[in-house]
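Below is one structure, written out as structure tokens; the observations come after it.
The values are calculated or read from the model by the stated rules, or taken from the named source; none is laboratory data. What you are looking at is a predicted structure, and each value in this text was computed from that prediction instead of being measured. Using ideal geometry, Cβ is built from the backbone for each residue, glycine included, and neighbour counts are taken over all protein chains shown.
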Amino acid sequence: MGRVKFTSREHFGSICCLGVTNERASEFISGAKDSSIKVWNSSGKCLRTMRNHRGAVHSISFLEEEGRDYRSSRIVSGSADANVRLWNIREGRCMKILRGHKAPVKVVCWPTESKVVSGARDGKLKVWNLNESRCVRKLEGHTGSITGLVCGSKSAVSSSKDGTLRVWDIS
């Protein structure tokens, strides 16, 4: 049986999402119902707390691009405040806010440098152009809350409480 390295109670309320900043897992990120995102080291020390969302942080995503390591400095997050935010986690600063969802954002995915995909409780997904900070495509078809999202540079797969999976062209 494994042993616990540390236990933290720095968030107030449930923790909704986790991610690691690099392959060595030397730092990780948590998002919680208390509207905060925290950056931790592998010893369990909270390095920084970011608070700009106005609702629970449901999802975080790192840019997944071969040959480039942005994972160590930037993330996107989706929240119950219906916004998607781009963060510099080294500086603890919100760089952009993407507004346009009418329901809480449940999932986010960051497939390319300039593209983010988000899915909300109302079953709608949006494709965002980060350079222009605007929605460039609406993906509608689900009748229940979006529960999962995986992306490549040209396509995305979403799952929903309506019991369906959908494959979308996001190119």
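Restricting the search to region 1-19, which residues are under 19 Å from the mean Cα position of the chain (by Cα), surrounded by 10 or more Cβ atoms within 10 Å (Cβ to Cβ) and in a loop (DSSP other than H, G, I, E, B)?
Start the filter on region 1-19 by keeping residues that are under 19 Å from the mean Cα position of the chain (by Cα), which leaves 11, 13-19.
Next, only the ones that are surrounded by 10 or more Cβ atoms within 10 Å (Cβ to Cβ) stay: 11, 13, 15-19.
The answer is His11, Gly13.
Can Val39 be described as free of Cβ contacts under 8 Å to residues at least 60 places away in the same chain, part of a loop (DSSP other than H, G, I, E, B) and not basic (Lys, Arg)?
Numbers: free of Cβ contacts under 8 Å to residues at least 60 places away in the same chain: yes; part of a loop (DSSP other than H, G, I, E, B): no; not basic (Lys, Arg): yes.
Against the criterion (free of Cβ contacts under 8 Å to residues at least 60 places away in the same chain, part of a loop (DSSP other than H, G, I, E, B) and not basic (Lys, Arg)), Val39 does not qualify.
Among Val127, Val157, which is the only one that is aliphatic (A, V, I, L, M), outside any loop (DSSP other than H, G, I, E, B) and touching a residue at least 24 places away in the same chain (Cβ under 8 Å)? Outline the logic, then answer.
Values: Val157 fails: touching a residue at least 24 places away in the same chain (Cβ under 8 Å).
Exactly one of Val127, Val157 is aliphatic (A, V, I, L, M), outside any loop (DSSP other than H, G, I, E, B) and touching a residue at least 24 places away in the same chain (Cβ under 8 Å), namely Val127.
Considering every residue within region 102-109, establish whether at least one is exposed (fewer than 14 other Cβ atoms within 10 Å of the Cβ) and modelled with pLDDT of 90 or more. Outline the logic, then answer.
Let us first name the residues in region 102-109 that are exposed (fewer than 14 other Cβ atoms within 10 Å of the Cβ), namely 102.
Subset that is modelled with pLDDT of 90 or more: 102.
Yes, the conditions are met somewhere in region 102-109.
Would you point out the residue of region 20-43, among those that are modelled with pLDDT of 85 or more and in contact with a Phe, Trp or Tyr (Cβ under 6 Å, 6 or more places away or on another chain), that is surrounded by the fewest Cβ atoms within 10 Å (Cβ to Cβ)?
Phe28
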